[in-house]
Every structure is written in C-alpha cells, then in structure tokens.
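The values are calculated or read from the model by the stated rules, or taken from the named source; none is laboratory data. If you're wondering where the values come from, they're calculated on a predicted model, not measured in any experiment. Cβ placement follows ideal geometry from the backbone for every residue including glycine, while neighbour counts extend to all protein chains displayed. Just so you know, the surface numbers come from the protein's heavy atoms only, side chains and all, with ligands and any DNA or RNA stripped out. Shrake-Rupley method; radii C 1.70, N 1.55, O 1.52, S 1.80 Å.
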Amino acid sequence: MSAEPTRPGTSTSPAVRDATAQPDPRRWWILAVIGIAQLVVVLDATIVNIALPSAQAGLGFSDDERQWVVTAYAITFGSLLLLGGRLADLFGRRRAFLIGLIGFAAASALGGAAATFGVLVTARALQGVFAALLAPAALSLLTTTFSDPAERGKAFGVFGSLAASGGAVGLLLGGFLTEHLGWRSTMYVNLVFAAVAVVGGVLLLKPSVPTAPPRLDLPGTVLASSGLFCLVYGLATAGPRGWQSDYTLGFLVSAALLLTAFVWWQHRSTHPLLPLRIVLDRVRGTALAAVFITGVGMFGVFLFLTYYLQHSRGYSPARTGFAFMPMSGCTMIGAIGSNTGLLGRIGGRPRIVTGMLLSACGMAWMTNVTATGPYVVDVLPGQVATGLGMGLITAAAMNLGTAGIDRRDAGVGSATVNAMRQTGGSVGTALMSTLAAGAFARSLAGRQPTPDLRARAALEGYHTVFTASAAIFAAGAVLTLLMLPGGLSMEHAHGAPGGRRPSAR
C-alpha cells in the first residue's frame, strides 16, 4: 500500500506497505500464532507472582526486595510500549514480532537459570523490554490481518479472551508448575510457547516493507519513555513508601511534567511518536479509558483474591490456580461472545456498559468473603460475574480502541491500548495495596495483634479492596454510557482500517 498524501494535522510517518491487500487465506492460523504470543505476555504478569514465595526461599532475598521481581517487568514494559509500537510501524511488524518473541524467550531462560536476586530482576526487566516490542506488534498484526467486520469481531473475541483471562491462566499454570516442578519452571515454560509462536510466525507472517526511510521522533521517544517510567515507578513505590512521601510524589510530579511536555511536542513534531488523532477520537478515547479502568479493577481480583485464597483460606499454589478456573472460563465465554452472534449486533456501548456492571456486581459480591465460608457461596458467584464482565469489556474495548487506525499507525495505536492496560494495572496495584494496608492498620489500631485479630484485619483489607474495585467498575459503566454513542457497532465505529468512517447506525 502506497503512502497516503499528507493531510493537515496528520503524521508524515512513512507508510508500511503490506504484502497483499487481499485477506490472507491463512489468517486463522495467524490468529493462533498471535494468540500464543499474547498469552506469553499476559500470563507472565501473574505466573511469577504465585511462584514468588518459592523463588524467595530459593534465592534468599528479603520481603522488601521481593516486589522488584514484579516491578522490574512492569516498569520496562510500561515505559517502552509506545516506542515498541512505533518501531513495529517503522521497521516491520513481522520483524518486531519475531525479535520480541526471541528476546523474551532468551530473557526467560536467563531468569530460570538465575543464581542471584540481581540476575532474576535483570531478567525480568529484559522480559519487559521485549514484551514492549512484542505486545503492540501482535495486536497490530491482528488489526491489519482482519479487516472484514464480521471476521474482525470473531478474531478480537478470541484475542480479547486471552488478554482478559491470561492472568487467571497464569495463576493456574504457575501454581501447578511451582508445586510440582519448582519456581524456575515458571520462567522456562515461556521457551515452549515462544518456540511454537516463532515457528508459526516465520512460516505464516508475510514481511512488510517501508516505502520511505524510517524516521523516529527521538525527543518524543525520550519524553514518553521517561514520563511513563516515572509514572509506573512512582506508582510502584506508593505502596511501600506511601502516597505522601517525597520520593513517590517526586516521581509522580515528574511524570506529569514529562507527559505534558510529550503531548505539547506531539503537536509540533513532523513525525510524532503518537499522532494525537489516535487518542483524541471520542469513540477510541472512551474505549482506551475502558481498557484503563478494567486494568485498575482487575488487580482487585487477581492480586488480592490470590492473597485471600492462599493466606485466609490456606490454599496451596496449585489449588489457588484451580480456584481461578471458573473466572478464566467465564472470561473466555464473555470475550468470544462479545463480538459474535446476537451480542455482536447490539452495539459496542451496551456490551461495555453491561461488562462494567457485571464486574461491579461480582466485586460487590466478594466484599463479604469469609475465611471459612463455602467457596461456592463466598467466591464462585463473584468470579462468574466478574469473569463474564471482563470478557465483554476487553474484547469490545480493544476492538473499538484499534478500529479505523491507519495501517501506518497500527503499531503505535496498538501500543496505546497496551499502555493504557499496563498503566491501569500499575495504578490498580498501588491503589489497592494502599487501601488494603490502611484497612489492615485501622483494624489493628489500639489492639494487641494476635494471630486471630491479624486474620480478621486481613479480611477487612480484602473487603476494602473488593469494594473499591466494585466502585471503579461502576464508575466505568457511567463513563462509557455517557461517552459512547448509542447503537455503535464495530463496523460503524470507524470504518475499515484505513480511515473511512461510515455513519453510526
């Protein structure tokens, strides 16, 4: 595809010519390869969490150091996503996809062989670097491979189910591997997934060739990457240091200044890293907000429900993973059904709003969990509602968030979706950790901290977190109800990739 003429207010970034304008006859096999790559990125955000106690015992690092095994991945992944997306646009999505997979596998092998805490953290940071290249490349390949509205809906249903349920799958797989093969296997398993995806990518994906010399917005890259780094790092330190500490506030203020400067520069840059037309569109902007809200609320489920099952109910890692299976299955059902059949015809706004309300109800149900009540009463109904809701939201919002983006910008547009999700997760981790710690401290204030009182205080922390998650999803329902046009179907949201916009029905 030849480059489009430059229009006022648009990027002059070089177009990337796709090998064919016709639908690829192997597109469903390509979807399978892209899905495996997406699963690698998503499940790695949680698979290590459940293995952390075993890794800590094996390598002998402290509780204060433990958070860096998670934070190192989140910081590099979140801060480099926009750069990774633009590199995929400029140098080819297939190339970025394969390099991301191979690099992620190499970093995983380093982490599995780590003999010290420093090597493990370094490996996790490298995983984040290559994930920042892989994730937007995978989503942009999906966006450019499926342009037919009906097929696009089905493809995003499958992709969305993996994106939304991958965290629960990571807990299931991480629990099984940790209990039976040791914590190192949670790192080595990535080599298996990556090998399959690399072979599939080499055989199925067609290379794209830049039609003009690649140009990168270096000032925008520095401002965006450093701003996102300060934001994710500041949020990560809010839990242990507190929101009011000078250290935390310094990073958050720096993030605000750097990201403001980034937006200012994008208005002036000839080759912007993130063309602002991508995020200023009302439909796409609201979809991105829905992805962010879901990222914030989801951590009320995965992180603290994991703590609750292991610490309050005494579940083993493997049993904890199995306890997440109903939610994972319901997430897949909700996501696959979101863009197909009857649901695919009722419009994007009803799906996202319904998903937000279902997730809010699920979280509200779990605000009354106990340490001894039956799992099928205390936990299961909330998991089912939340899983269905997150599936509906993720598939519909990711579809709307990438619909109609010019092929030149597919990588950075997809990176923006991933950045909103990753930033939402960082906000959720910091916010929920602070709320839980505050509720725990208030419950023990002025009392002798006996084991029984500490257990009750922990439950108060979980109740607070689930209440906050319910409120966040409820607020998301109101926002999307007000901001998204009524009856908005995916094919009418932005038109086909390339910029045409039919009127909404």
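Figures for the structure shown
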{"read-out": "Heavy-atom accessible area ranking, 1.4 Å probe, most first, across Arg184, Arg27", "value": "Arg184, Arg27"}
{"read-out": "Accessible surface of the stretch 20-90 [probe 1.4 Å, protein heavy atoms]: carbon and sulfur percent", "value": "61"}
{"read-out": "Computed FRET value (nearest 0.05) for Val279 with Trp28, which takes r as the C-beta separation and R₀ as 30 Å", "value": "0.45"}
{"read-out": "Net length gained if the chain between Ala371 and Ser316 were fully extended (0.36 nm per residue, minus Cα distance)", "value": "18.3 nm"}
{"read-out": "Spin-label pair Ser245/Leu453, simplified geometry with 7 Å Cα→Cβ offset, distance in nm", "value": "2.6"}
{"read-out": "Largest to smallest accessible area among Trp183, Trp265 [probe 1.4 Å]", "value": "Trp265, Trp183"}
{"read-out": "The stretch 209-337, accessible surface, carbon-and-sulfur percent (1.4 angstrom probe)", "value": "69"}
{"read-out": "Largest-first ordering by accessible area, 1.4 Å probe, given options Leu87, Leu177", "value": "Leu87, Leu177"}
{"read-out": "Calculated FRET value between Val202 and Leu380, using beta carbons and R₀ = 45 Å, to 0.05", "value": "0.60"}
{"read-out": "Of the trypsin sites (Lys or Arg not before Pro) in the stretch 81-122, those whose Cβ has at most 13 other Cβ within 10 Å and which sit in DSSP loop", "value": "none"}
{"read-out": "For the stretch 206-296: relative contact order, % (alpha-carbon pairs under 8 angstrom, 6 or more apart)", "value": "29"}
{"read-out": "Computed label-point distance, nm, for sites Met325 and Leu218 using a 7 Å Cα→Cβ extension", "value": "5.5"}
{"read-out": "Two-decimal Rg/Rh across the stretch 254-300, once Rg and the Kirkwood Rh are taken from alpha-carbon atoms", "value": "1.08"}
